[in-house]
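To keep things clear, I will list the structure first and then write my remarks on it.
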Amino acid sequence: MLLPRLRVLIGAPDLALMKQGAILINTSRGPIVDEAALIKAVQAGRIVAALDVYDREPLPVNHPLRNAPNTVLTPHLGYGVRETWTEFYGQSMENALAFLDGKPLRVMNPEVLRSS
């Protein structure tokens, strides 16, 4: 959930201040950038957009960003650096195996286990 005050932190006036060919990278939250203004800027060839997050996810098939020039689009994987994947998936495997063995690890609500 994105707080209303965090929406459109980067609007058309901000995009207009960017130098020709500047690269806007957003791996945070899609709605922090005015999507309509961003689409106009990339379609005009003013800037490059490298996006990992969108107003709507997954990005609809017919969305104008999918065919916009000067864009690099990824499916919300910006957090996926080697260290994150190694830690996250290593712990996920440990959690699954421990659960199947009847000895769950990293339990968020241990009271639920005690009551069952």
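Looking across 17, 77, 51, 9, one residue alone is among the hydrophobic types (A, V, I, L, M, F, W, C), out of contact with any Lys or Arg (no Cβ under 6 Å at 6 or more places or on another chain) and under 30 Å from residue 108 (Cα atoms). It is 77. Search segment 16-34 for residues being over 20 Å from the mean Cα position of the chain (by Cα), loosely packed, with under 14 Cβ neighbours inside 10 Å and of a type in the set (A, V, I, L, M), and hand back the single one that is nearest to residue 75 (Cα to Cα). Going through the qualifying residues, I end up with 22.
Only residues that are surrounded by 11 or more Cβ atoms within 10 Å (Cβ to Cβ), of a type outside the set (Ser, Thr, Tyr) and either touching a strand residue (DSSP E or B) at 6+ places or on another chain (Cβ under 6 Å) or free of Cβ contacts under 8 Å to residues at least 24 places away in the same chain (or both) were counted in segment 66-79, giving 5.
Of the residues making up segment 82-116, just one is modelled with pLDDT under 80, aliphatic (A, V, I, L, M) and surrounded by 10 or more Cβ atoms within 10 Å (Cβ to Cβ), namely 107.
The values are calculated or read from the model by the stated rules, or taken from the named source; none is laboratory data. If you're wondering where the values come from, they're calculated on a predicted model, not measured in any experiment. Reconstructed Cβ throughout: ideal geometry from the backbone, glycine too, with neighbour counts over all protein chains shown.
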